[in-house]
Number of protein chains: 2
Amino acid sequence: MTAPITIDRKPLPPGFLDEVRAVVGERLHTGEAIRLQHGSSETHYDPVLPDAVVFAHSTEEVAALVKLCVAHEVPVVPFGAGTSLEGNVTPVRGGLTIDLGEMNAIVEVNQEDFDCTVQAGVRREQLNEYLRDQGLFFPIDPGANATIGGMASTRASGTNAVRYGTMREAILSLKVVTPEGKVIRTARRARKSAAGYDLTRLMIGAEGTLGIITEITLRLHGIPEAISSAVCSFESLKGAVDTVVQSIQLAVPVARIEILDAAQMRACNAYSKLSYPEKTTLLFEFHGSERYVQEQVETVRELASGNGGDEFLWSNLPEERSKLWKARHEAYYAAIAQRTGAIGWTTDVCVPISRLAECIVETQQDLAGSAVPSTILGHVGDGNFHVIFAIDPHAPEEMHEVEAINDRLVQRALGMDGTCTGEHGIGIGKQRHLVDELGDAVDMMRLIKRAIDPKDLFNPGKIFQL
Amino acid sequence: MTAPITIDRKPLPPGFLDEVRAVVGERLHTGEAIRLQHGSSETHYDPVLPDAVVFAHSTEEVAALVKLCVAHEVPVVPFGAGTSLEGNVTPVRGGLTIDLGEMNAIVEVNQEDFDCTVQAGVRREQLNEYLRDQGLFFPIDPGANATIGGMASTRASGTNAVRYGTMREAILSLKVVTPEGKVIRTARRARKSAAGYDLTRLMIGAEGTLGIITEITLRLHGIPEAISSAVCSFESLKGAVDTVVQSIQLAVPVARIEILDAAQMRACNAYSKLSYPEKTTLLFEFHGSERYVQEQVETVRELASGNGGDEFLWSNLPEERSKLWKARHEAYYAAIAQRTGAIGWTTDVCVPISRLAECIVETQQDLAGSAVPSTILGHVGDGNFHVIFAIDPHAPEEMHEVEAINDRLVQRALGMDGTCTGEHGIGIGKQRHLVDELGDAVDMMRLIKRAIDPKDLFNPGKIFQL
């Protein structure tokens with residue numbers, strides 16, 4: 001396991017918890033189990049326990065808690081579903097974790113405007129179940145059933161981003177409790193605006209370091225008239241990637257294009273009880289009118305065939321589609337389940353698509369020299385892919401080896417003008433890489449952080465060290 | 001004319017211009033004509049002259065100039081094409097205007113990645129001419145042949161935004177000279193990234209108040225296989241807007257949907273020598289494969305017909321299309337040309353689309369009580385529309401009347417959860433409205449401004465007063 005950088009942890013000041021209890025009553029918790037749950041991560045980071053956990057029920061409560069934390073100089077960490085992968089909510093300096101999971105009301109849906117406003121604790125799947133009857137859906141799908149607030153804070157994306165964008169494009173406006181304890185709204189509900197600095201986008205991806213997001217106004221989309229999915233395996237990785245590049249060049253608006261390598265297909269077959277060929281595979285989803293979906297399928301089928309694709313298995317049956325995407329969503333767990341007792345360790349580079357095949361091939365060559373089991377899968381339309389390692393948590397040498405592989409992978413991606421993180425954020429784990437990637441721009445981020453959170457209390461120790 | 005808020009204008013310190021000349025040589029200008037050109041606006045703002053104008057030729061020169069300005073505490077204003085509409089480049093405190101118009105190199109085009117990098121002074125039309133042979137285009141079209149740097153700085157959009165987004169979505173990365181004189185790059189060339197604060201989006205729309213953008217990496221699109229345009233006039237405004245709302249509900253990816261009221265159609269007919277019916281009119285453009293464009297046209301034609309539209313005149317002939325969009329691009333000048341010697345004054349609200357018809361109808365009722373000639377046109381798919389007034393520059397009472405109408409219009413839009421500016425920015429003219437719109441969020445903008453530009457030298461007096 002990786003120990004996070006812990007600095008400067010102080011005990012809570014006397015009387016602080018009494019003041020917190022005056023705000024949230026019984027929803028203040030100091031038991032070890034609940035603190036452990038809020039200090040642990042789904043990946044390889046060692047847990048660090050907060051001093052206390054509260055479940056907030058309103059923006060006003062969050063504002064009151066923030067004011068207490070600032071007055072007493074207690075670190076404060078917002079917590080959603082705990083599904084982030086870079087230790088993004090690990091309270092490295094202790095303090096108060098504010099769990100927003102019970103702030104899960106859907107505040108309003110504006111059907112005609114294709115938008116809705118939700119509290120930060122609403123989960124992605126919950127929202128889509130709610131919207132279904134109105135013919136609407138929220139497209140961002142990172143796999144995990146994350147909260148919308150958490151997805152905003154890490155600038156999440158996932159399988160639909162190639163067509164529908166990321167959280168950056170999906171959000172119209174945020175309600176944020178600032179480090180001054182004020183409640184601001186970063187924008188109105190108009191589709192676009194040129195009104196001053198883009199605080200909405202500044203907060204998206206800030207990982208809770210500049211304030212706490214309590215409400216989100218989201219862009220929605222109409223459920224397409226027709227949806228088809230397809231699976232196609234390839235002899236070569238290059239054939240698969242070329243199929244994707246050519247589809248994008250022809251402006252086929254594919255809703256999802258995912259790549260899974262042979263090892264990942266093997267893991268998925270075993271875990272999700274499927275029998276797909278265990279070769280490099282593309283999964284597709286197409287959205288549109290019946291006729292237009294048909295046209296997209298035909299175009300991509302032809303491209304796949306021209307690039308050495310095997311049979312192009314497509315279906316418009318919802319049950320086939322569900323089976324396919326359920327397997328894709330379980331891929332992370334499938335990869336880890338290959339090895340009993342293993343924990344997951346995920347990379348997250350994203351490169352210009354012209355360099356993607358090269359980046360994956362070189363990475364596969366690097367992985368071939370390692371004894372740690374790994375698989376590759378990715379959002380290939382965006383140039384973003386993940387290596388999932390199934391690590392023995394009791395073998396520090398495996399951790400070091402994987403760290404070295406990831407360092408090489410990040411340098412490879414940066415050499416191709418890519419990024420160290422397509423969608424997981426910096427958190428604890430990628431702070432060195434952020435500096436390698438953006439250099440002096442990180443100093444400007446620090447200026448902003450110091451101006452907005454001068455006491456460094458909001459999710460301290462994340463993204464960069466001040 | 002409207003006098004900008006001028007504050008605290010100091011003479012240039014002795015020796016400053018010699019140091020500037022050492023950087024740019026003969027490209028330093030202090031003549032009145034060139035200073036007037038860089039201090040004037042296309043709209044109703046009184047000119048304010050900079051003390052000097054330089055034409056920069058490289059990022060390194062801009063960095064050297066910025067260091068001089070900061071050392072001598074001289075205000076510095078970046079200048080593109082001067083086509084902004086809110087006095088965004090008026091040097092209200094004098095100082096040095098850096099004209100980036102000669103930094104107009106297209107640095108690279110990555111055809112396979114659908115992106116390019118350009119210097120800030122590249123003009124929109126120049127870029128599209130350059131890209132045409134490669135089958136690519138840059139979709140953001142604000143009408144004016146603005147520079148890409150200026151469009152980034154005002155978060156411009158225009159007629160294609162309903163399909164392709166605004167400058168916010170169009171930019172992958174920026175090269176910026178910071179107030180510290182450092183050159184930063186805000187992101188790499190990957191399609192998406194979760195690496196730290198979104199400095200790219202913070203700089204987009206900052207109107208040069210946080211640094212000077214010198215290079216922009218843009219997302220491009222493939223020139224569609226087929227393009228059709230269409231014109232349809234309507235008896236009622238509501239019929240036109242309902243057609244648009246229903247098209248969006250059916251997820252028809254219309255590339256452009258513009259609305260022009262009867263007065264604007266009259267002005268366009270006269271100015272561009274056309275003979276369209278002088279009624280509320282929608283202009284459309286459809287992009288895609290031949291078959292898909294046909295499908296889109298049929299869908300929208302049916303919707304228009306169901307909403308009381310007259311004949312749906314569509315064409316796939318390039319010359320018809322050019323004529324139509326040339327008229328649309330000339331609409332601003334056509335509106336002003338209605339009245340000899342008039343100057344333009346443009347509003348810019350944007351509202352949720354469900355409120356658009358109501359907002360336009362109420363605005364038309366308000367305009368009916370005014371003797372100042374005006375027309376309405378707008379990017380109706382985004383909920384953004386403009387009233388263009390043709391004002392007598394020698395009649396202060398007209399200016400006051402128009403200001404009062406605009407105040408009521410902004411309050412009406414804010415009451416509908418809209419914004420005071422969809423695409424022109426705040427500049428000098430909308431600072432009160434920004435506070436009405438975003439309240440305490442403006443304080444957070446000020447914190448950021450003070451942190452990044454502590455001496456308030458970068459395009460001072462814009463967006464807000466510090």
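Amide H neighbours of A:Tyr45 under 5 Å, counting only residues 5+ apart in sequence or on other chains, H built in-plane at 1.01 Å?
Those lying under 5 Å, H to H, from A:Tyr45 are A:Thr2.
In the range A:106-222, carbon and sulfur make up what percent of the accessible area (probe 1.4 Å)?
Carbon-and-sulfur percentage of accessible area, whole number: 38.
Am I reading the A/B interface right? What is its buried accessible area, both sides, 1.4 Å probe, to the nearest 100 Å²?
7100 Å²
Over the Cα atoms of the range A:339-453, what radius of gyration and what Dmax do you get, in Å?
15.2, 47
To make sure I understand the rule: partners must be lysines, Cα under 25 Å from the Cα of B:Lys279, and not fewer than 8 residues away in the same chain. Which ones qualify?
Counting by Cα, and skipping residues close in sequence, B:Lys279 has these lysines nearby: B:Lys238, B:Lys323, B:Lys326.
How many angstrom lie between the C-alpha centres of the range B:249-325 and the range A:7-39?
61 Å
List the residues of the range B:418-442 that lose 50 Å² or more of accessible area once all protein chains are present, compared with their chain alone (1.4 Å probe, heavy atoms only, no ligands or nucleic acids).
Buried on complex formation: B:Leu438, B:Asp440.
Report which residues of the range B:112-150 become buried by 50 Å² or more of accessible surface when going from the isolated chain to the complete set of protein chains (1.4 Å probe; DNA, RNA and ligands ignored).
Hits at the 50 Å² cut-off: B:Glu112, B:Asp113, B:Phe114.
Over chain A, what is the percentage of antiparallel beta bridges among all DSSP beta bridges, to the nearest 5?
Roughly 85 percent of the beta bridges in chain A run antiparallel, per DSSP.
Show me, bin by bin at 5 Å from 0, the whole-percent P(r) of the range A:316-394 based on Cα pairs.
In whole percents, the pair-distance histogram is 3, 14, 21, 20, 19, 14, 8, 2, 0, 0.
Run down the aspartates and glutamates and flag those whose C-alpha is under 13 Å from the C-alpha of B:Lys273, throwing out any fewer than 8 positions away in its chain.
In chain and number order, the partners are B:Glu330.
If the cut-off is a Cα-Cα distance under 17 Å, which lysines reach B:Lys430, setting aside same-chain residues fewer than 8 apart in sequence?
Of all the lysines, those that pass the test against B:Lys430 - Cα under 17 Å, at least 8 places apart if same chain - are A:Lys192, B:Lys462.
Principal axes first, then extents: for the Cα atoms of the range A:38-165, list largest minus smallest coordinate on each axis, whole Å, largest first.
Extents along the principal axes, in whole Å: 46, 34, 19.
At a 1.4 Å probe radius, carbon and sulfur cover how many percent of the accessible area of the range A:224-338?
51 percent
What is the sum of charges around B:Ile343, taking Lys and Arg as +1, Asp and Glu as -1, for the other residues whose C-beta is under 13 Å from the C-beta of B:Ile343?
Around B:Ile343, the surrounding residues sum to -3.
Find the percent of Cα-Cα distances in the protein assembly as shown that exceed 41 Å, and round it to a whole number.
The answer is 37 percent, as a whole percent.
Can you run phi through the Karplus equation (6.51, -1.76, 1.60; θ = phi - 60°) for the range B:132-146 and list ³J(HN,Hα) in whole Hz, with x for Gly and Pro?
Per residue, the Karplus-derived 3J(HN,Hα) values read 3, 5, 9, x, 10, 8, 9, x, 6, 9, x, x, 4, 7, 6 Hz.
Calculate, for chain B, the solvent-accessible area per residue in square angstrom, rolling a 1.4 angstrom probe over the heavy atoms of the protein chains.
I get 34 Å² per residue for chain B.
Over all alpha-carbon pairs in the range A:1-111, figure out the percentage whose distance exceeds 20 Å.
40 percent
As a check on your grasp of the helix formula, calculate [θ] at 222 nm for the protein assembly as shown: sum -39500 (n - 2.57) over DSSP H runs of n ≥ 4, divide by the residue count, round to the nearest 500.
-11000 deg cm²/dmol
For A:Thr214, enumerate residues with amide H under 5 Å from its amide H, sequence gap 5+ or separate chain, H modeled in the peptide plane.
Under 5 Å from the amide H of A:Thr214 lie the amide H atoms of A:Lys175, A:Val176, A:Val177, each far enough along the sequence or on another chain.
From the phi angles alone, apply the Karplus equation (6.51, -1.76, 1.60; θ = phi - 60°) to the range B:229-239 and give each ³J(HN,Hα) in whole Hz, x where the residue is Gly or Pro.
Residue by residue, the range B:229-239 yields 10, 8, 10, 8, 9, 10, 5, 10, 4, 4, x Hz.
When you have a sec, figure out the Kirkwood radius of the range B:121-206 from all distinct Cα pair distances and drop it here in Å to one decimal?
The Cα-based Kirkwood calculation yields 13.8 Å.
With θ taken as phi - 60° and the coefficients 6.51, -1.76 and 1.60, list the Karplus ³J(HN,Hα) couplings across the range A:282-291 in order, rounded to whole Hz; mark glycine and proline as x.
After applying 6.51 cos²θ - 1.76 cosθ + 1.60, I find 10, 10, 10, 9, 10, 10, x, 6, 3, 5 Hz.
What are the principal axis extents of the Cα atoms in chain A, in Å, biggest first?
Projected onto its principal axes, the Cα set of chain A covers 69, 56, 42 Å.
Would you mind telling me the share, in percent, of accessible area of the range B:16-101 contributed by carbon and sulfur at probe 1.4 angstrom?
50 percent
Dividing the convex hull volume of the alpha carbon atoms of the range A:28-67 by its residue count, what do you get in Å³ per residue?
That works out to 88 Å³ per residue.
Given q = 0.20, 0.26 Å⁻¹, what are the Debye log10 I(q)/I(0) values for the range B:271-355, with equal point scatterers placed on the Cα positions and solvent ignored?
Cα-only, vacuum Debye calculation for the range B:271-355: -1.17, -1.32.
Evaluate Rg over Rh across the range B:224-304, taking Cα atoms for both radii and Kirkwood's formula for Rh.
Taking Rh as the inverse mean 1/r over Cα pairs, Rg/Rh reads 1.00.
Please list, ordered by chain and number, the residues whose modelled amide H lies under 5 Å from the amide H of A:Gly205; skip anything fewer than 5 residues away on the same chain.
HN-HN under 5 Å from A:Gly205: A:Ser153, A:Thr154, A:Arg155.
Going by a 1.4 Å probe on protein heavy atoms, which residues of the range B:361-390 end up with at least 20 Å² less accessible surface in the whole assembly than in their chain alone?
B:Asp382
Looking at the range B:18-116, what % of its DSSP beta bridges pair antiparallel, to the nearest 5?
So the antiparallel bridges in the range B:18-116 amount to around 35 percent.
The values are calculated or read from the model by the stated rules, or taken from the named source; none is laboratory data. Only a predicted model underlies this, so the values are computations on that prediction, with no experimental measurement involved. For neighbour counting, all protein chains shown are included, and Cβ atoms are generated from backbone atoms with ideal geometry for every residue, glycine included. These area figures cover heavy atoms from the full protein model, side chains too; ligands, DNA and RNA do not enter into them. Shrake-Rupley method; radii C 1.70, N 1.55, O 1.52, S 1.80 Å.
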